[in-house]
Every structure is written in C-alpha cells, then in structure tokens.
Amino acid sequence: MMELRGLEKSYEGNPAIQNLSLSVMDNEYLTLLGPSGSGKSTLLRLIAGLEQPDDGSIQLEGEDLDGRPAYMRNLGFVQQKYALFPHMSVFDNVAFGLRYRQEDPLQDASEVHDRVSRILELVGLLGYEERMVGQLSGGQKQRVSLARTLVCEPKICLLDEPLGALDANLRERMAIELRRIRAALKVTFLHVTGNETEALAMGDRVVVLDKGRICQVAAPEEVFSAPTSIDVAKFLNAYNLFPGRGELDGFAYSGHLLPIKCDARQAHFYGIRYDHIRIITGNDDGAGFKAKFLASEFEGARIKYLFERPDGGVFEAEMHLGEGDPITLTPNEFYEVSWDPKEVLLFDTSGELLKSNARGEVAK
Ligand code: ADP
Ligand code: MG
C-alpha cells in the first residue's frame, strides 16, 4: 500500500498540488482524472521521486520515501513521451532497464532473455525482438515502453496518459490490454488521463483532480451517478447543469419551474444526466421544458441530440441504440424534453452535491 499525506508542491509560488492525501491499495487499477494543468503529471513525478514535495509525505509499505532517489523506489514510470532508443531493437530496449538499472543490474544473459521474453509475450510483442523501435507503430512503441517498465517488476506502475498518443480504435484495444496485463502481473497501476470515458472504464477506483486538489475518490459507477461537486459533474461531460434557485416545490431556471422530489431551497444548481432525458414527440407529460432541436450526432452505439437551452446554452440528450430505435427530429423545431425528477442531482451555492437530492435521501 502507498500512503500520500498532505502533499504540497508549488512552482514559483503557484500551487500545482495542494494538501493532497490518498491511499493507494495493492493490486488495484487507480485512474486519476483531471483537466490539463490540474497537477496530474506533477503528482506522478513526486511519487516517482523525480521531484521533491514542498511538504507532506509519501510512504510505501510503511516506509517513508523522503530522500530516497527515484531508482531506489521500485516504482515504474511510463512517461507521456515514451523515451525509447529508436536505433536499438525491441529486445535491447526492454532489456536496457534490467541490464543498466542502478540497483542490482542483471548481467546473466539467459535470465535477461527469459524475463524479456516473458514480458514481451504479455504485451503481445513476441516475435518482434529484433525489430528496430524506430520502425514500429505508435501502439507497438507504447507496448515496448510498457514492457521496459514492467520487466523490472515494480510494485506500482505510474502511467502518464498512456493512451493519449493513440488513435481511437487502438486506444480501445490498448485499454483492454492494459487491464489484462495489470491483472496478470498483480501490480498496482496509477493511470493518469484527461479523458473521462477512459477513467471510468478502466479504474477500479477513480480519483478526480482539479487545481491540484482531490475532488472525489470513488468507484466509477459512484463518480458517474453521484459526482460530489459541480466541477466533477462538469468533467464527466454527462450532465446538463442548470444554474438557478431552489424552492420548496421546484427549481426556478430561466422562467421554468423544473421538477424536484424534495425541498430544494438550498439548491443553486440542478443536474440531469444526458442519458436520463426523454424526448417527447407526442403528448407531453409536463416535466421539463420545450427546447429547439439543433442537431444530432451519431456515435456508434449511441446518438446525441443537441437542443438549445432556454438560457441559450446547449442541452444534450443521449440515446443508446440498445434501448430502442433512434428518433428523427427536425432542426429548429421545438420538442418537449422530459426526465424523471428522481434522477435529478442538486448542488448548493459552493457547488457541493446536496445530500437531500431528488432520491429523497436525508437533508444535509
Ligand atoms: P497536468 O499533467 O494535469 O496537465 P501538470 O502537473 O503538468 O498538470 O501541471 C500542473 C501545474 O503546474 C500547471 O499550472 C503547470 O503549468 C505547472 N507546472 C508543472 N510543471 C512545472 C515546472 N517544471 N515549472 C513550472 N510550472 C510547472
Ligand atoms: Mg500532464
């Protein structure tokens, strides 16, 4: 287990990591989600020992890592730009880590061969040993980079946007591979990403980071269905969020009274997920408002419908094709959009999720 306690790091007075505490379990896949500049790479560099925190501590299995140089931390780091040697073969790139590591370098040729072969098999590169790295595709380079890190059997593997450079198709395949490789090795992965779908799909737990602070740590389903703040809800890119004023029997938003199932007087934001919206083409059932249809986007297994919000923003509804046939709407026509008030999330003035949400749970 790794324990981060009260970590702080500033650059020229600008905080990059602020009072960050986190427990990382053994054998878990942890994803770290945050927008660009939120401190994700800084956090990995602090853990790896490439930079020193201004304050706070990092403990690995009960031992303080303070002052322990990077090469003695037994951590693997797959950096954003995979620094491979282009004129060396795949085998030599992977073996490099073993042969030249500062602590306990491995010189026995047959052992190097066995360990490199084992890891190349795991990442699906058996048969590529003699290829020059410069001749490989992006996805293959990514695998070499991963193999070179994993061959040293780190306790924790830090991955900085490992799928960022790959195209969409390959990214999905590599994502499945990464989960499989991690499970086979039983190491902990700390995988940094700016992509919400990736973070939710891959993590056993998701850590949401904003401006150097942790906003939420939870299982993906929980982050998705109950983001603890409006910032988290925004990153998820899955919620319509309306600013307004909560009342006893509704939420006042841009001339509409939106339905609620609880006392909403503390609420300042109203959130409803894209996939909870129904588009009413026949008789309306009154919960929601009329909105002008703008366009739809076909995204494989789902369709996104974009409407104009009463306050001028964009309102999104999402339909999964497994749940019915797509509907055809006419641009610039008005349609009634509606949802179940039970699915609504409410946030207070400071953007915190109100416990007394529409599911009728106890008041905060
Ligand atoms: P992320 O990886 O989430 O995009 P970073 O950790 O790279 O974010 O950066 C967090 C903040 O710290 C940013 O504001 C960035 O400009 C700043 N920062 C990161 N590294 C340095 C550095 N070496 N010198 C100065 N500022 C830095
Ligand atoms: Mg980064």
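Some notes on this structure:
- V90 assigned by TED's automatic domain parsing to the domain that holds T193, within 16 Å of ligand 1 (Cβ to nearest atom) and aliphatic (A, V, I, L, M): no
- Strands (runs of 3 or more DSSP E) wholly inside the range 1-110 containing at least 2 residues that are out of contact with any helix residue (DSSP H, G or I) (no Cβ under 9 Å at 6 or more places or on another chain): 2-11, 14-24, 55-60
Residue by residue, here is whether (1) polar (S, T, N, Q); (2) assigned to a helix (DSSP H, G or I); (3) more than 16 Å from the chain's Cα centre (by Cα); (4) within 16 Å of ligand 2 (Cβ to nearest atom) holds:
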| position | (1), (2), (3), (4) |
| --- | --- |
| Y128 | no, no, yes, no |
| G139 | no, yes, yes, no |
| R143 | no, yes, yes, no |
| R148 | no, yes, yes, no |
| L158 | no, no, no, yes |
| G164 | no, no, no, yes |
| R171 | no, yes, no, no |
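- Qualifying residue in the range 43-52 (condition: near ligand 1 (Cβ under 10 Å from one of its atoms), free of Cβ contacts under 8 Å to residues at least 40 places away in the same chain and touching a Pro at 6+ places or on another chain (Cβ under 8 Å)): yes
- Residues (surrounded by 15 or more Cβ atoms within 10 Å (Cβ to Cβ) and not in a strand (DSSP E or B)) located in the range 249-262: P259, I260, K261, C262
- Taken over the range 279-338, the residue count meeting the criterion of being among the polar types (S, T, N, Q), without any contact (Cβ under 8 Å) to a residue 40 or more places away in the chain, more than 25 Å from K261 (Cβ to Cβ) and assigned to a loop (DSSP other than H, G, I, E, B) is 2.
- Number of the condition not met by Y29 [criteria: (1) within 14 Å of ligand 2 (Cβ to nearest atom); (2) within 24 Å of L163 (Cβ to Cβ)]: (1)
- Some residue of the range 105-118 being within 29 Å of the chain's Cα centre (by Cα) and either within 16 Å of ligand 2 (Cβ to nearest atom) or small (G, A, S) (or both): no
- Residue count, the range 61-104 (criterion: loosely packed, with under 11 Cβ neighbours inside 10 Å and not acidic (D, E)): 7
- Test set (1) in contact (Cβ under 8 Å) with a residue 12 or more places away in the chain; (2) more than 30 Å from P15 (Cβ to Cβ); (3) polar (S, T, N, Q) - T193 fails condition number: (2)
- Qualifying residue in the range 223-234 (condition: outside any strand (DSSP E or B), within 16 Å of ligand 2 (Cβ to nearest atom) and in contact (Cβ under 8 Å) with a residue 24 or more places away in the chain): no
- Note on the range 42-75: among residues that are more than 24 Å from I181 (Cβ to Cβ) and under 22 Å from the mean Cα position of the chain (by Cα), the one that is nearest to ligand 2 (Cβ to nearest atom) is T42.
- Hey, G39 surrounded by 14 or more Cβ atoms within 10 Å (Cβ to Cβ), within 16 Å of ligand 2 (Cβ to nearest atom) and at positive phi or not: yes
The values are calculated or read from the model by the stated rules, or taken from the named source; none is laboratory data. Remember, predicted model here, so these are calculated numbers, not experimental data. In this analysis, Cβ positions are derived from the backbone assuming ideal geometry, glycine residues included, and neighbour counts consider all displayed protein chains.
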